[in-house]
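Read the structure below first, then the notes.
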Amino acid sequence: RPGALAGLTLGLFDIGKPKGDIVLARLAERFAETGVTIKHYNKSNYSAPAPTALRQRVAEECDLVVEGLAD
């Protein structure tokens, strides 16, 4: 874990489960207070792996990632 979040880019990854977007929206509100840049990512089908191109994009653009699982 980094010692501080300020200046980092945080990816919020919604895998498409019901209410995952609600959880991630609340996290975005809280993390915004820490000085991180927030990027949002979605995949449409929670039961299938994320496409390789999307995973690579997230890895290139983000320092940290929170994956949203909910029901």
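Taken together, the values in this text are just the output of simple stated rules run on the coordinates, not laboratory data. Predicted model only: the values in this text are computed from it and were never measured. When we count neighbours, we look across all protein chains shown, and the Cβ atoms used for this are built from the backbone with ideal geometry, even at glycine.
Below is a table of values for the structure above.
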read-out	value
Those aspartates and glutamates that a straight Cα-Cα span of less than 16 Å connects to LYS39, excepting residues fewer than 8 apart in one chain	ASP14, ASP21, GLU29, GLU60, GLU61, ASP63, GLU67
Cα-based helix-to-principal-axis angle, 52-61 vs the chain, degrees rounded to 10	10
Degrees between helix 20-32 axis and first principal axis of the chain (Cα, 0 to 90, nearest 10)	10
Per-peptide average of other Cβ atoms within 10 Å, ordering 62-68, 33-39 highest first	62-68, 33-39
For region 1-25 and region 33-71, distance of Cα centres in Å	7
Label-point separation, ILE22 to LYS39 (7 Å along Cα→Cβ), nm	2.8
log10 of Debye I(q)/I(0), alpha-carbon scatterers only, for the chain at 0.23, 0.24 Å⁻¹	-1.02, -1.08
